[in-house]
1. Can you confirm whether segment 52-75 contains a residue that is at pLDDT below 90, assigned to a loop (DSSP other than H, G, I, E, B), out of contact with any helix residue (DSSP H, G or I) (no Cβ under 6 Å at 6 or more places or on another chain) and surrounded by 10 or more Cβ atoms within 10 Å (Cβ to Cβ)?
2. Those residues that are surrounded by 13 or more Cβ atoms within 10 Å (Cβ to Cβ) and either at pLDDT 90 or above or in a helix (DSSP H, G or I) (or both), I need them from segment 1-23; list them, please.
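The values are calculated or read from the model by the stated rules, or taken from the named source; none is laboratory data. Quick caveat: nothing in here was measured; it's all calculated off a predicted structure. Every residue, glycine as well, gets a Cβ built from its backbone with ideal geometry; the counts of neighbours run over all protein chains shown.
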């Protein structure tokens, strides 16, 4: 029951968009002082961008799988 709800594209898409918003807004709210902290900040931002891309592509793939294919046959 829970796994079906999580795999629905309507549930996944807002999660992907939220991670994109966090990644874009990250430099405005987190200002590291040292070199290591700057590297960790860049890594965290890259991770959020990567999660956003992956989740959004997964949601688009799931939405495409659920959409009816019409009257096309498998051989065409």
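1. Within segment 52-75, not a single residue is at pLDDT below 90, assigned to a loop (DSSP other than H, G, I, E, B), out of contact with any helix residue (DSSP H, G or I) (no Cβ under 6 Å at 6 or more places or on another chain) and surrounded by 10 or more Cβ atoms within 10 Å (Cβ to Cβ).
2. Passing the criteria: 9, 11, 12, 13, 15, 16, 17, 18, 19, 20, 22, 23.
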